[in-house]
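Each remark here refers to the structure printed beneath this line.
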Amino acid sequence: MTKSLSQWDKAKREGRRMSFITAYDYPFARLAADAGMDGILIGDSLGMMIAGEKDTLRVSLDQMEYHTRIVAAGAGQCLVMADLPFGAFEESPAQAFASSARLLKAGADIVKLEGGATMVETVAFLSQRAIPVCAHIGLTPQHVRQLGGFKKQGKTEEAAAILLADARALEQAGARMVLMEAIPSPLAATITQALAVPSIGIGAGPGTDSQILVLHDVLGLNTDRAPGFAKKYLEGANLIREALAQYASEVRTGQFPL
């Protein structure tokens, strides 16, 4: 478990890989911490995993603040990262600061925002005002309408060059981490090698400094279509369904309570 950003920087220098998982509540944050996870992301993916939305766009800052508070309460020594939701940071660096301050006060150690070169000014503004930032490039779910769906990014030489330039510019602006989602593995490895700050990959191959997956995909709780790059470590939905069915049956037959 690695709460300090300086420890993440040290892990990068020493070539130690780090683990991230999403969590949205206190019990799962406690379990992640007990399992030795290095970092926990309160993702705006909660809109899809918790609220059943088709994308992340309706998630509010109030929701992110609430979930950040209850996750932070159980996160122990894990680094706590919170997403800036759509509409809470794009208008101006000042808006991004106000939103980020709320998330840090709720317990986040670092905030994550989506976008490439257009976010350089905002990242610099936040970094100069004591807000640690993780930049998110590649597939950026908040841009799903503009991208035309959840599609892999950086597949052409031109697109790859833009992502590399974005990553470098965001690092120079003060980003403490760079998350790359759904980009070709060789490109993610190249960007990782070009950066002094830690990289995080999701659907970006094994060449990044750390990996992140959505909790519900890992535990088999996502009964909708999980992304192809996710790995299921537990048949959670089936196990829970069977337990609930057994409980309901025992109530009906008088086996519970005794």
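Every number in this text was worked out from the coordinates using simple rules, so none of it is lab data. These numbers come from a predicted model, not from an experiment. Cβ coordinates were reconstructed from backbone atoms using ideal geometry, including for glycine residues, and neighbour counts include every protein chain displayed.
Values computed for the structure shown
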| read-out | value |
| --- | --- |
| Overall dimensions of segment 5-253 as given by Cα atoms, namely Rg and Dmax in Å | 18.0, 66 |
| For segment 36-89, the spread of Cα positions along each principal axis, largest first, Å | 31, 21, 15 |
| Straight-distance crosslink candidates among lysines, where the alpha carbon sits under 17 Å from residue 12 and sequence neighbours closer than 8 are dropped | 3 |
| Where N is the number of residues in segment 87-187, Cα Rg divided by 2.2 N^0.38 Å | 1.07 |
| Proxy reagent accessibility, fewest Cβ within 10 Å first, across 176, 225, 30 | 225, 30, 176 |
| For the chain, built as a Gaussian network whose Cα springs stay under 10 Å, the top-fluctuating residue of 153, 172, 246 | 246 |
| Pairs from 105/155; 112/232; 10/152; 10/151 whose Cα-Cα separation, in the structure shown, is over 28 Å | 105/155; 10/152; 10/151 |
| Environment charge of residue 160, counting only residues whose C-beta is closer than 14 Å and scoring Lys/Arg +1, Asp/Glu -1 | 0 |
| Least to most buried among 10, 3 (fewest other Cβ within 10 Å first) | 10, 3 |
| Contour minus Cα-Cα distance for residue 60 and residue 146 (0.36 nm per residue) | 29.0 nm |
| Largest-first ellipsoid semi-axes for segment 125-236, taking √(5λ) over the Cα gyration tensor eigenvalues, angstrom | 25, 17, 14 |
| Residues 56, 22, 118 arranged by fewest to most Cβ contacts within 10 Å | 118, 56, 22 |
| Among 106-112, 39-45, the order from most to least packed when residues are scored by Cβ within 10 Å on average | 39-45, 106-112 |
